[in-house]
Structures are given as structure tokens and as C-alpha cells.
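Written out below as C-alpha cells is the structure these notes cover.
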């Protein structure tokens, strides 16, 4: 008696089924999550950023028509701002991972970049009751200015996920930036201290930016603080020559 052959039926249609549906081994490889995640992540972050921006505009309209109290609107707006920041951070991660960010190193004063970043966010930081202590020293490094600003912004945002009390220091020798968050006391501080290492997009973004800029990022904890340290090389190779 001839053996009966059972042919596997194709899987149900899903987002990972390519345009040449039905399924085949070739199309499955083309649409695997490993190959497709940059496009998926790009669409996701665009949707998040666009949706949160539209919702904030609607909030402004309702407040202008006195159909919502400003207190309620402010509470909702904080959530939408956080959602939009998530989308923007994901956009940056996708750009870095795809190699679309072309760095152009220049000689940059780190303390100046930090002061500029804080001035740009001064209003938002004040409204959120955030305290920032500074211990800045002159430190010149070779780095793309936009990458340096993004590095500092990501480090600040990561630290703000722990606390509203930050301390930022720039050391000249070795050249490094230390961003430290003071943890609250009690069970809340313990909960934040015990978070996973890759605990939010800002930490992932910080690591991706560091890889792009070829600087080292490390992280340390104590009973009362959580710190990120960005260390810069003494010199880099630029147009075939060492500069520092």
C-alpha cells in the first residue's frame, strides 16, 4: 500500500507574510522578524509620534473652548509627551542601527554642550520640579556635535526615569561625563534600583549613540544613586591621522 502523504497547510495570513503569499521558505526568510524589524520599528515609532501629537492638538482645542480644565489637560499632556518621546527615541535607534546617521567629528567643548542642552530644556525641567546640580570643567573632545547633544539628552532622560534630582559632572582627565540620579528613599527607591539593566528605550538609545560615537558607556549603582558614565578616548583617527 502506498504511503499517504500529508501536506502541511500554509499558516494563517499575518503581518509577516510577504507580498508573495501563500507562504514559502523563500518569502518567510524575507519577512522574518530579524530581517523586518527596522521597518516594523520605524512604522511603530512614526505612528506613536503622530498619534500623540494629534492628541495634544486636540487637548489644546478643548482647553481653548473651556471644555476641559487645564489641570486635567496637563495630566493627560504629560502622558502624551512621554509617549511622543518614546516614538522619537525609537526613531533615533532605528536610524543608528540602519547606519543612516553619518557622524562628522569636530572639536567640541562638553561643558558647553551640556549647558546648551539644559538651557533648551529649562522650561520643561522647571515645570517638572527637576533639580540639576552641575560640576563642569573644560573638556575638549572630537565628536559629532549632534551626536554629543543626543548623548547628553539621552543620559539625562535615562536619569530622570529614576529621580527628579540629578547631578552632572565633566572630568577633564580622563575625559568623561557622569550623570547621577539621587534615588528616593523607602520601597520606591528599592524598586527603581532593582530595575533590569536594559530597562527603557533611553538606555538602549544611549548605548546606540555611544556605539555610533565610539565612546564607552558604563553604569553603576549605590544605595542612594544610579549613575551613567560616558568616557571619551584621548584621541581619534580623522582623515587617516590621529587627533586629540
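For this structure, a couple of remarks:
- Counting neighbouring Cβ atoms within 10 Å and putting the fewest first, the residues 59, 206, 201 line up as 59, 201, 206.
- Rounded to the nearest 0.05, the FRET efficiency derived from the C-beta distance between residue 220 and residue 67 at R0 = 41 Å is 0.25.
- Over the range 134-175, Cα pairs under 8 Å with separation of 6+ residues give a relative contact order of 74 percent.
- Cα gyration tensor category, rounded, prolate or oblate, for the range 97-174 with a/c compared to 1.5: oblate
- Once the Cα-Cα distance is subtracted from the 0.36 nm per residue extended length, the residue 161 to residue 140 segment shows a gain of 4.7 nm.
- Sorted by Cβ neighbour density within 10 Å, fewest at the top, the residues 110, 125: 125, 110
No lab work stands behind these numbers, since they all come straight from the coordinates. Keep in mind that this is a model prediction, so the values were computed, not measured. We place every Cβ from the backbone using ideal geometry, glycine too, and count neighbours over all the protein chains shown.
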